[in-house]
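For reference, the structure discussed in these notes is given below.
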Amino acid sequence: HWAVGAWLAGLRSHPYNGRVSTTVRVLAIDLGTKNVGLAVSDPLGLTAQGLPTLRRTNRRADLARLRELVEALGVMRVVVGHPLHLKGYASARAQEAERFADWLRAELNVPVELFDERLTTVEAERHLRAVGASRSKRKQAVDQIAATLLLQAYIDRQAAQRASADLPAPAPPKAGPA
């Protein structure tokens, strides 16, 4: 988890910190047993960028790092990956993600929601193999890429929902000659 701390230290000293207006900045969490993949939306809420992977130690330390990220980045929403089975029911891992999201809701001052993340890790692994990453490189990068894929899917779904809400209602059919 030292990489996240070093990254945050650099962020605090960044000349644009606090001076870039944002829409709703979102933090995505891909929860694993050993690591937490992290990604954050850009200031305009259009794209997802991976953050250094958080190595899990204990709940208190994990929460401290996540709280630090939320505050440092101005995050206004957290999305936790919800690894449902392909048929849509909740597995043991999905239930763990639900408990984790409930815990974050109680501990953070931002909304926390679950988002279906079926196959993001598989897709991340496939991408890393396609670019010829070694097994050790894949192991290091898979959580970050999975979180990035999760967040980009969330951003795209939100944009599609906004776009469909902005569409005018269809005009009623014109009455023809009687």
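Every read-out reported here was derived from the displayed coordinates using simple, explicitly stated rules and does not represent laboratory data. Note that the coordinates shown come from a computational prediction; the quantities given were computed from them, not determined experimentally. A quick note on method: Cβ atoms are made from the backbone with ideal geometry, for glycine too, and the neighbour counts reach across all protein chains shown.
Restricting attention to region 69-82, the residues being within 22 Å of Ala141 (Cα to Cα) and surrounded by fewer than 20 Cβ atoms within 10 Å (Cβ to Cβ) number 1. Of all residues in region 76-110, those satisfying the criterion of being in a loop (DSSP other than H, G, I, E, B), closer than 19 Å to Ala39 by Cα and in contact with a helix residue (DSSP H, G or I) (Cβ under 7 Å, 6 or more places away or on another chain) are Pro83, Leu108, Val110.
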